[in-house]
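Undergrad: Input: one structure, supplied below.
The values are calculated or read from the model by the stated rules, or taken from the named source; none is laboratory data. Just so you know, these numbers come straight off a predicted model, no measurement behind them. As a convention, Cβ positions derive from the backbone with ideal geometry for all residues, glycine included, and neighbour counts pool all protein chains shown. Calculation scope for accessible area: heavy atoms of the full protein, side chains included, ligands and nucleic acids excluded. Shrake-Rupley method; radii C 1.70, N 1.55, O 1.52, S 1.80 Å.
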Amino acid sequence: VAVSDKPEGPFRDLIGKPLIGEIVNGAQPIDQFVFRDPGTGDWLMFYGGWSHCNLVRLADDFTGLLPFPDGEYYREVTPEDYVEGPFMIEREGKFYFMWSEGDWTKDNYRVGYSISDTPYGPFKRVGTILESDGEHGTGAGHHSVVRRDDEFYIIYHRHPLGSTDGNDRVVCIDRLEFDSD
């Protein structure tokens, strides 16, 4: 956890150690995403790689973890095909949980999603919202979403057309649209 007096930094380590420095439920401690539950005000953190995703509750000052009502600190919330990169948005009372699938160096890298009535799940895979497009680029994944009123934009990386290096990536932004479902 890093803090600064200004958005551009400089940043300093707040607690002097990793907030999560061990593997729990098989989840590599990477790709954290912090989300505030609009119903309770709780700060939640989704994280994990190696095909496992955990959910934890954060203390209001982000210096530690709080237990869930059942006394547990970690909940595995891994949906089908999850690899890494968890992300959540709330829209019209529904919680859209998204993650990266496939291999980030290959054309099969993509973003899957689920829809839940709560930010705690369950997270059953509904489908794919972002995938390779041979006309524009391949290996589209590992995204974020920004919102302005009811407009959503997905920011992600993909491989440039013609590139053979799986680590060759460019940043892209597209409008994220919703249908009636």
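Undergrad: Does the range 134-156 hold any residues that are over 14 Å from the mean Cα position of the chain (by Cα) and under 14 Å from Gly102 (Cβ atoms), and which are they? Steps first, answer last, please.
TA: Of the residues in the range 134-156, the ones over 14 Å from the mean Cα position of the chain (by Cα) are 134-140, 147-153.
Within the range 134-156, Thr138, Gly139, Ala140 meet the criteria.
Undergrad: Can you find even one residue in the range 78-95 that is more than 22 Å from Val34 (Cβ to Cβ) and either open to solvent by 70 Å² or more (accessible area, probe 1.4 Å) or touching a strand residue (DSSP E or B) at 6+ places or on another chain (Cβ under 8 Å) (or both)?
TA: Step one: list which residues in the range 78-95 are more than 22 Å from Val34 (Cβ to Cβ), which gives 80-81.
Subsequent filtering for residues that are either open to solvent by 70 Å² or more (accessible area, probe 1.4 Å) or touching a strand residue (DSSP E or B) at 6+ places or on another chain (Cβ under 8 Å) (or both) retains 80-81.
Yes: the range 78-95 contains one or more residues that are more than 22 Å from Val34 (Cβ to Cβ) and either open to solvent by 70 Å² or more (accessible area, probe 1.4 Å) or touching a strand residue (DSSP E or B) at 6+ places or on another chain (Cβ under 8 Å) (or both).
Undergrad: If the requirement is being open to solvent by less than 60 Å² (accessible area, probe 1.4 Å) and of a type in the set (A, V, I, L, M), which of these qualifies: Ile173, Ile115?
TA: Of the residues listed, the single one that is open to solvent by less than 60 Å² (accessible area, probe 1.4 Å) and of a type in the set (A, V, I, L, M) is Ile115.
Undergrad: Suppose the filter is of a type in the set (Ser, Thr, Tyr) and in contact with an Asp or Glu (Cβ under 8 Å, 6 or more places away or on another chain); does Tyr74 pass it?
TA: So Tyr74 fails the test.
Undergrad: Given (1) closer than 27 Å to Val77 by Cβ; (2) open to solvent by less than 50 Å² (accessible area, probe 1.4 Å), identify the lone condition not met by Gly166.
TA: (1)
Undergrad: Return the pairs, sorted by first residue and then second, in which the second residue is open to solvent by 20 Å² or more (accessible area, probe 1.4 Å) and in a loop (DSSP other than H, G, I, E, B), the first residue lies in the range 36-50 and is under 15 Å from Asp117 (Cβ atoms) and of a type in the set (Asp, Glu), the beta carbons are less than 9 Å apart, and the residues are 6+ apart or on different chains.
TA: Asp37/Thr118; Asp37/Tyr120
Undergrad: Right, something else. Criterion first (open to solvent by less than 60 Å² (accessible area, probe 1.4 Å) and out of contact with any Phe, Trp or Tyr (no Cβ under 7 Å at 6 or more places or on another chain)) does Ile15 satisfy it?
TA: So Ile15 fits the description; yes.
Undergrad: Next question. Six or more apart or on different chains, Cβ under 6 Å: which pairs go from a residue in the range 13-26 that's of a type in the set (A, V, I, L, M, F, W, C) to one that's assigned to a loop (DSSP other than H, G, I, E, B) and exposed (fewer than 13 other Cβ atoms within 10 Å of the Cβ)? Could you list them?
TA: Ile15/Thr63
Undergrad: Could you grab me the full set of residues in the range 119-145 that are open to solvent by 50 Å² or more (accessible area, probe 1.4 Å) and β-branched (Val, Ile, Thr)?
TA: Val126, Thr128, Ile129
Undergrad: Pick from Arg158, Arg148, Arg110: which is within 26 Å of Arg36 (Cβ to Cβ) and open to solvent by 30 Å² or more (accessible area, probe 1.4 Å)?
TA: After applying the criteria, what remains is Arg148.
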